[in-house]
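Everything below concerns the one structure shown next.
Just so you know, all these numbers are worked out from the coordinates, no wet-lab data involved. Predicted model, so just to flag it, every value in this text is computed and none were measured. Neighbour counts are summed over all protein chains in view; Cβ atoms, including those assigned to glycine, are modelled from backbone coordinates with ideal geometry.
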Amino acid sequence: MMWRERAVLVVLLLLLHHISATKDDLEHVCPPSSCGKISNISYPFRLKGDPEKCGEERYELGCENNVTVLYLYSAKYHVQSINYNNYTVRVVDPALQHHNLSSLPLRSLSRSNFSDTYAYYTDSYQAGLRASVNWESLSFSHIVFVNCKDWVREKGKYVESGEWVKWEGKGYAYAIGGDLKAEDLEVGCEVKLVAPTSLSTFDYHSYSSMHTALAYGFEISWIKLACHKHCSLSDRYCYLDSSNQKLQCRSSFYESLEFSIPGFKEKLGEGGFGFVFKAKLLSGPSVAIKMLGKSKGNGQDFISEVATIGRIHHQNVVRLIGFCVSGSKRALIYEFMPNGSLDKFIFSKDGSVHLSYEKIYNISIGVARGIAYLHHGCEMQILHFDIKPHNILLDENFIPKVSDFGLANLYTIDNSIVTMTAARGTIGYMAPELFYKNIGGISYKADVYSFGMLLMEMASKRKNLNTHADHSSQIYFPLWIYDHIRKEEDVDIEDVTEEENKIAKKMIIVALWCIQLKPNDRPSMNRVVEMLEGDIEELEIPPKPILFPDETVTEDQTIKSS
């Protein structure tokens, strides 16, 4: 009977092998589909109506009116071409028409909407490739539409588009080719729309050429999926070898990342942690390199923290691209934020750097979403403990990113109260429970307090504490503004319209809720997002803010405390 048992075993093994092989090869056995001018639609793509075994569900395409449609961020884009050799697909906003210079994209979209971090495969599409062992970006430029209150005399990058593009209200319409940096944004100008293009060459001084570039469309990549299929779990880095158009896998960060040495000549900032330099990946974009001081212990705490923060991916949290450790030397590599930190926009003394209240309001919502993600959207709860304007960075399109996790602590989601051996943070933004133990335990509500102080400064475009104020009641802005809000008076901010005044008032009311003395009286960051996005009529006026326990406040708002 032994030969029969062996025969049965061999048959079973062959069947199992056949089933496994069939499962692995399903992506290749499906016949290609076609729609309109796009033929040979094959793995990872599939058309609606194709068998379930064909392609990947999240790469499903539609065929509408004989046009291939790609679904991206709950919107539709028309597919112009698919390149299976370098894992890219070119799409265009359906509202754009080649010969109609007045046609514009239906929505803003920029590089910030896509992840370029190759250690994680959760995002369907990216806006970059890694070729050889270096980073090679796809041709992914931006065209920015702005509306200015006054005519721009020294135009520079500003190209008049008013003949074809009209925005609501009065003003002068311009288009700008390439990324918009802070120094490029003229006073009184507001960003109305940001749109990408992958046309490699176009005339930055011609609006018709810019429009042609937009109508060409933009490329995005599904190389992460290809890497995930091709590389093993131990290979955290993957790139496309441009010499033979094949994917290569690496397990070491050193093997896959190289810097051009002159990148390290430009210092972006410094602090107690060390220095931050602007660097450039060979043949690729700029990055921010944070060189840290000497590590405590054996550096295991650093590695553990980086491993956790490295899993974070959110549009409003700065992205950690990689890290290096060599002996006592440590470096963190972050995406580069060309518009720097928020403080220079809200504390600008000479008015040379200007953002509209609508833009400031949108930035505040973005910051709130980023902090809410840290608190409630990760596997571990991350408490930042140093939310302030200097740690909010702005990308090329002024999308905010929470940065600098040097003081951050990681906790389990169900751990509502945390223990700390020493107060941490920046004076002026630190929650009172970090000093006074009798008002409540330390929790994520400490970040809520810091955000409230930040939000107050954004709304007023001034620091909360002004020691040079004419009256003692104006020294601490939150106390001074509270009475104006309670009496239903205007917030009395210079040079704002009625609508802007309403936006500022909403931000201030939310901020007053965030800076309540007792942690239990403050909202969660999820609730803060809801309050900022909701109607001002639905907001209740909070109790008067108190700075210290057992505090009394006289009629002229002079603070006295036991």
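Here the extension length gained between Lys166 and Ser74 equals 30.5 nm, from 0.36 nm per residue of separation less the Cα-Cα distance.
The length gained on full extension between Arg527 and Ile427, counted as 0.36 nm times the residue separation minus their Cα-Cα distance, comes to 33.5 nm. Spin-label pair Glu499-Lys181: with each label point 7 Å from Cα along the Cα-Cβ axis, the two points sit 3.1 nm from one another. Stretching Ser286 away from Cys249 to a fully extended chain increases their span by 11.0 nm, per 0.36 nm per residue minus the current alpha-carbon distance. The peptide list 200-211, 68-79, put in order of mean Cβ contacts within 10 Å with the highest first, becomes 68-79, 200-211. With each label modelled as a point 7 angstrom along the Cα→C-beta vector, the Lys48-Ser34 pair spans 2.2 nm. Could you name the lysines whose alpha carbon sits less than 24 Å from that of Lys329, not counting residues in the same chain fewer than 8 places away? Here the lysines satisfying the reach criterion relative to Lys329 are Lys265, Lys267, Lys278, Lys280, Lys290, Lys294, Lys296. The label-point distance for Lys229 and Asn520, in a model that sets each label 7 Å from Cα toward Cβ, rounds to 5.5 nm. The range 367-397 and the range 137-178 have Cα centres separated by 31 Å. In order along the range 511-525, the Karplus-derived 3J(HN,Hα) couplings, from 6.51 cos²θ - 1.76 cosθ + 1.60 at θ = phi - 60°, round to 4, 5, 5, 5, 9, 4, 4, 7, x, 5, 7, 8, x, 6, 5 Hz, and Gly and Pro are given as x.
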